[in-house]
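Enquirer: This is the structure, below, for whatever I ask next.
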Amino acid sequence: MNHPDIKEVLYTEEEIKKVTQELGAVLTKEYEGKNPLVIGVLKGAIMFMTDLSRAMDCDLELDFMDVTSYGAAIESSGDVKILKDLDTSVEDRDLLIVEDIIDTGRTLSYLIDIFRYRKAKSIKIVTLLDKKERRAVDLEADYVGINVPNEFVVGYGLDYIEKYRNLPYIGVLKEEIYQ
Ligand code: 5GP
Ligand code: MG
Ligand code: MG
C-alpha cells in the first residue's frame with residue numbers, strides 16, 4: 001500500500017534500484033584506480049548516496065555538506081548558506097557530488113564555485129533526478145538517473161516540509177496536502 005498522501009507513484013523502488021545500479025557501474029569505471037571523495041548534499045541525497053556508493057566497486061570516501069537557500073520555500077534563491085561543511089579537504093581530490101534532484105541548479109552552481117576555489121582536482125555531478133526545464137543557471141550534471149517532468153516530487157530522500165523522505169518510491173502528493 002502506498003502512503004495515503006501520495007496521488008501517484010512516478011518511479012517505483014525497482015525502477016530506482018535499476019537506475020542506481022546502472023549509474024554505479026558507469027561510475028565504477030570512471031573512478032577505477034582513483035579514490036574519489038563522494039559528497040552527499042543533505043538531506044535529500046542520503047538514500048541515493050547510500051545505494052549509489054554501494055553500487056560503486058572502487059575505493060572511495062564519503063562526506064556530507066548541508067546547505068540551505070535563503071528566501072522562498074519551494075524554489076532556491078541562489079543565496080546559499082552552509083549549515084554543515086565537509087570534514088575533508090577537497091584540495092587535489094576527485095570530487096563526485098551526489099544530488100537527489102537538480103531544479104534551478106543554483107545550489108550546485110554555488111557548491112561548484114566553492115570547490116573550485118578550494119582547488120579540487122576534478123568535480124563531477126551525479127543526480128538521481130533532473131528537472132531540466134526549470135534550470136535558471138548554466139549547469140549540467142555529468143550523470144543523470146532520470147529526467148523528470150516539472151512536478152514537485154517526494155520520497156526516496158525528497159521531502160515536503162521534512163516528511164516523506166523514507167518512502168522507498170518517488171511520487172507526487174495529492175493537491176490537498178499543500179493546503
Ligand atoms: P536547486 O538549487 O537546483 O533549485 O534546488 C535543488 C534542491 O531543491 C534539491 O536538492 C531539493 O532539495 C530541492 N528540490 C527541488 N525540486 C524538488 C522537488 O521536486 N521535490 C523536492 N522534495 N525537493 C525539490
Ligand atoms: Mg538536494
Ligand atoms: Mg527539501
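Enquirer: Of THR68, THR88, which residue is at pLDDT below 95 and touching a Leu at 6+ places or on another chain (Cβ under 7 Å)?
Expert: Residue meeting the stated conditions: THR68.
Enquirer: A further question on this structure: Kindly provide the set of residues from the range 124-147 that are within 24 Å of VAL38 (Cβ to Cβ) and either within 15 Å of ligand 3 (Cβ to nearest atom) or touching a Pro at 6+ places or on another chain (Cβ under 6 Å) (or both), ordered by number.
Expert: THR127, LEU128, LEU129, LYS131 - these are the residues of the range 124-147 that are within 24 Å of VAL38 (Cβ to Cβ) and either within 15 Å of ligand 3 (Cβ to nearest atom) or touching a Pro at 6+ places or on another chain (Cβ under 6 Å) (or both).
Enquirer: Would you tally the residues in the range 78-94 being in a strand (DSSP E or B) and either among the small types (Gly, Ala, Ser) or more than 16 Å from ligand 2 (Cβ to nearest atom) (or both)?
Expert: Taking the range 78-94 and keeping what is in a strand (DSSP E or B), we get 80-84, 91, 94.
From the residues that got through so far, the ones that are either among the small types (Gly, Ala, Ser) or more than 16 Å from ligand 2 (Cβ to nearest atom) (or both) too are 91, 94.
Looking only at that region, the number is 2.
Enquirer: Ok, one more. Any chance you could count how many residues in the range 1-40 are out of contact with any helix residue (DSSP H, G or I) (no Cβ under 7 Å at 6 or more places or on another chain) and assigned to a strand (DSSP E or B)?
Expert: 8
Enquirer: I'd like to know if the range 75-93 contains one or more residues that are crowded, with 20+ Cβ neighbours inside 10 Å, more than 11 Å from ligand 1 (Cβ to nearest atom) and over 22 Å from ASN35 (Cα atoms).
Expert: Checked against the condition, which is being crowded, with 20+ Cβ neighbours inside 10 Å, more than 11 Å from ligand 1 (Cβ to nearest atom) and over 22 Å from ASN35 (Cα atoms), the range 75-93 yields no hits at all.
Here's the yes/no breakdown for (1) under 23 Å from ILE82 (Cα atoms); (2) more than 13 Å from the chain's Cα centre (by Cα); (3) aliphatic (A, V, I, L, M):
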site	(1), (2), (3)
ASP94	yes, yes, no
ILE101	yes, no, yes
PHE115	yes, yes, no
THR127	yes, no, no
ASN150	no, yes, no
ASN166	no, yes, no
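Enquirer: Which condition number does ASN166 fail, the rest of (1) more than 15 Å from ligand 2 (Cβ to nearest atom); (2) surrounded by 14 or more Cβ atoms within 10 Å (Cβ to Cβ); (3) within 20 Å of GLU13 (Cβ to Cβ) being met?
Expert: Condition not satisfied by ASN166: (2).
Enquirer: Right, another one. Just to be sure I understand, how many residues within the range 135-173 are over 24 Å from GLN21 (Cβ atoms) and outside any strand (DSSP E or B)? Give the derivation first.
Expert: Keep residues of the range 135-173 that are over 24 Å from GLN21 (Cβ atoms), which gives 135-139, 150-152, 159-163, 172-173.
Checking the rest, the ones that are also outside any strand (DSSP E or B) come to 135-139, 150-152, 159, 161-162.
Qualifying residue count, the range 135-173: 11.
Enquirer: Six or more apart or on different chains, Cβ under 8 Å: which pairs go from a residue in the range 73-96 that's on the phi < 0 side of the Ramachandran plot and of a type in the set (D, E, K, R) to one that's assigned to a loop (DSSP other than H, G, I, E, B) and at pLDDT below 85? Could you list them?
Expert: What qualifies is ASP79/TYR70; ASP79/GLY71; LYS81/TYR70.
Enquirer: Now for a separate question. If we keep just the residues of the range 43-56 that are within 16 Å of ligand 1 (Cβ to nearest atom) and within 21 Å of SER122 (Cα to Cα), which is farthest from the chain's Cα centre (by Cα)?
Expert: LEU52
Enquirer: Inspect all residues belonging to the range 111-134 and state whether any of them is part of a helix (DSSP H, G or I), surrounded by 18 or more Cβ atoms within 10 Å (Cβ to Cβ) and within 11 Å of ligand 2 (Cβ to nearest atom).
Expert: yes
The values are calculated or read from the model by the stated rules, or taken from the named source; none is laboratory data. Being a predicted model, the structure only gives us computed values, none of them experimental. Note that we place each Cβ from the backbone using ideal geometry, even for glycine, and neighbour counts take in every protein chain shown.
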